[in-house]
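Peer 1: Please read through the structure below; I'll follow up with questions.
The values are calculated or read from the model by the stated rules, or taken from the named source; none is laboratory data. Here the structure is a predicted model, which is why all the values come from computation and not from measurement. Quick reminder, even Gly has a Cβ in these numbers, built from the backbone with ideal geometry, and neighbours come from all protein chains shown. Side chains included, ligands, DNA and RNA excluded: accessible areas come from the protein's heavy atoms. Shrake-Rupley method; radii C 1.70, N 1.55, O 1.52, S 1.80 Å.
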Amino acid sequence: MPLVAPLEKGTSPEVDALATFFDETLGFTPNSVLTMQRRPEIASAFINLNKAVMANRGRVTSEQKRLIGYLASMSAGCRYCEAHTVLAAERYGATRERLDAIWAYRTSLLFTDAERAAFDFAIGASSVPNAVTAEVAVELRRHWDEGEIVEILGVIALFGFLNRWNDSMGTTLEPGAAEIGERQLSAAGWHRGKHV
């Protein structure tokens, strides 16, 4: 049971209008946003931040951003966000092979050197304490320009907020996200945990 139950969709017309963004990315409005709408200003600010962070301004693709979010969430241990990011990555073109190989990204031929640098950065930046080393930063700069690095860190920071929100709230996992978690992640030890 979540710490605070989500409100029904339709409770806040302003939040509903902004939350259509999630219809494309996930196919539904997440329970985290439905809970945030108890304070519509928080929900609106969060959705606008999400839209800004996930917009494509450079070479960092929508699929890559969701894989970065997945690695950051996995590092933080947020089962809710793990399922959501894998669902969104799949919706944005991630193949089952890439999803299966994500934790072997350092050696898998399915990932580029630029992706490896971004993924190393995601894991280091989402670790507590922060584990971004000089070597990780040099490799990141070798493949990505400053604007793209801002985009990548924006994704990591956004999921840092979401990881804390959803794990602390015990946000209930939606059926579509639960299904992909079971199908795609359970072989690697994923389970719903507190998100029932």
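Peer 1: I'm trying to understand the selection: among the residues of the range 126-142, which are in a helix (DSSP H, G or I) and either over 21 Å from LEU99 (Cα atoms) or modelled with pLDDT under 95 (or both)?
Peer 2: Correct list: ALA134, GLU135, VAL136, ALA137, VAL138, GLU139, LEU140, ARG141, ARG142.
Peer 1: Return the residue satisfying two criteria in turn: it lies in the range 64-85 and is assigned to a helix (DSSP H, G or I) and more than 10 Å from the chain's Cα centre (by Cα), and of such residues it is farthest from ALA125 (Cα to Cα).
Peer 2: Out of the qualifying residues, it is ARG79.
Peer 1: Quick one: ALA88 ticks every box in (1) under 15 Å from the mean Cα position of the chain (by Cα); (2) more than 29 Å from VAL128 (Cβ to Cβ); (3) not basic (Lys, Arg) except a single one, so which number is it?
Peer 2: ALA88 satisfies every listed condition except (2).
Peer 1: Within the range 111-138, work out how many residues are in contact with a Phe, Trp or Tyr (Cβ under 8 Å, 6 or more places away or on another chain) and not small (Gly, Ala, Ser).
Peer 2: Total satisfying the criteria: 6.
Peer 1: Also: Quick one: ALA101 ticks every box in (1) among the small types (Gly, Ala, Ser); (2) within 19 Å of GLU63 (Cβ to Cβ); (3) outside any helix (DSSP H, G or I) except a single one, so which number is it?
Peer 2: All conditions pass for ALA101, except number (3).
Peer 1: Output the residue which, of all residues in the range 146-196 that are over 23 Å from SER62 (Cβ atoms) and basic (Lys, Arg), is surrounded by the fewest Cβ atoms within 10 Å (Cβ to Cβ).
Peer 2: Applying the filter and picking the extreme gives ARG164.
Peer 1: Filter the range 27-45 down to the residues that are touching a Ser or Thr at 6+ places or on another chain (Cβ under 9 Å) and over 19 Å from GLU174 (Cα atoms), then identify the one that is most open to solvent (accessible area, probe 1.4 Å).
Peer 2: PRO40
Peer 1: Give the range 1-16 a look and list any residue that's part of a helix (DSSP H, G or I), open to solvent by 50 Å² or more (accessible area, probe 1.4 Å) and touching a helix residue (DSSP H, G or I) at 6+ places or on another chain (Cβ under 9 Å), or say none.
Peer 2: Residue satisfying the conditions is GLU14 alone.
Peer 1: Of the numbered conditions (1) surrounded by fewer than 17 Cβ atoms within 10 Å (Cβ to Cβ); (2) at pLDDT 95 or above; (3) part of a helix (DSSP H, G or I), GLU24 satisfies every one except a single condition; which is it?
Peer 2: (2)
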